[in-house]
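See structure below.
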Amino acid sequence: MDRFSRTEVLYGAEFLKRLRGAKFLVCGAGAVGGFAIEALARTGAQNFVVADCDSFDITNINRQLGALSSTVGKKKAEVWKSRILEINPLAKVETADFFIDESTAPQLLDCGCDVVVDAIDTLKPKFELLKQACLREMKVVSSMGAARRKNPEMVKCAKLMKTSVCPLASSIRKSFRKMNLKPSFMCVYSDEAVGAPTHVSSGGADSRKVIGSGAVVTGVFGLMLANLALKEVL
């Protein structure tokens, strides 16, 4: 018996073999992306590219698996590389520490991945990644907005064009329609309606908006996103 013997019992030897051979590009290693990476690695995935240019902040501790007192200030991609290798020393993990935009998205998508796992929480880089991946007809799974939600029972999966309520999904749909594209990739989203924006100022010279978000919803988002990625391998 080895560390992934229960995965083999559950899914079968052929699935585990395919999973070990598949390469996952995970864009965004924060609240949602972290849970997705954790689930994929613990299921038996061995080949990753983790893309995130941010570092862990103390305010991430309430919901991000990689955020600990010992990792505050450290690059998220590097922390996740170390964590994946702790889970599976045979894993091969590449990191990408740069902002995703029109010029860098092709570099990421040229990594030879089998599945693109989108957990970016900012509209412009998210759409750029999704657009370029769809134009290349790559396998994609994507997370829509998880912040400001409190009810994990309202998290669902659907194709992007069939999602509802989520403002982020609506913006992505509109951007695709302007390009006369109808993407068919699956999304994780919530149809929980949110009220007035729930954010406060962080204060200080570098004051920024701090939006409410918690682990019970972002965790469900990430695990469901990982499951969609596993289905692409199946």
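Among the residues of segment 1-29, those identified as surrounded by fewer than 24 Cβ atoms within 10 Å (Cβ to Cβ) and small (G, A, S) are S5, G12, A13, G21, A22. Scanning segment 53-77 for residues that are in contact with a Lys or Arg (Cβ under 8 Å, 6 or more places away or on another chain) and on the phi > 0 side of the Ramachandran plot returns no hits. Counting residues in segment 155-171 that are free of Cβ contacts under 8 Å to residues at least 24 places away in the same chain and touching a Pro at 6+ places or on another chain (Cβ under 9 Å) gives one or more. Within segment 99-111, if we keep just the residues that are touching a Leu at 6+ places or on another chain (Cβ under 9 Å) and in contact (Cβ under 8 Å) with a residue 40 or more places away in the chain, the residue that is nearest to E128 (Cα to Cα) turns out to be I100.
Can you say whether D2 is closer than 23 Å to P125 by Cβ, among the acidic types (D, E) and free of Cβ contacts under 8 Å to residues at least 40 places away in the same chain, as far as the supplied structure shows?
no
Of the residues making up segment 32-84, those that are outside any helix (DSSP H, G or I), in contact with a strand residue (DSSP E or B) (Cβ under 9 Å, 6 or more places away or on another chain) and either among the charged types (D, E, K, R) or within 20 Å of V115 (Cβ to Cβ) (or both) are A45, Q46, N47, F48, V49, V50, A51, D52, D54, K74, K75.
Report yes if F15 is in a helix (DSSP H, G or I) and either in contact with a helix residue (DSSP H, G or I) (Cβ under 8 Å, 6 or more places away or on another chain) or among the aliphatic types (A, V, I, L, M) (or both), otherwise no. Yes.
In this structure, is E94 over 15 Å from the mean Cα position of the chain (by Cα), assigned to a loop (DSSP other than H, G, I, E, B), within 21 Å of I120 (Cβ to Cβ) and of a type outside the set (G, A, S)? It is false that E94 is over 15 Å from the mean Cα position of the chain (by Cα), assigned to a loop (DSSP other than H, G, I, E, B), within 21 Å of I120 (Cβ to Cβ) and of a type outside the set (G, A, S). Taken together, the residues in segment 50-106 that are closer than 16 Å to G30 by Cβ and either polar (S, T, N, Q) or in contact with a helix residue (DSSP H, G or I) (Cβ under 7 Å, 6 or more places away or on another chain) (or both) amount to 23.
Values in this text are rule-based calculations from the coordinates and carry no lab data. Bear in mind that the values here come from a model prediction, so they are computed numbers and not experimental data. Reconstructed Cβ throughout: ideal geometry from the backbone, glycine too, with neighbour counts over all protein chains shown.
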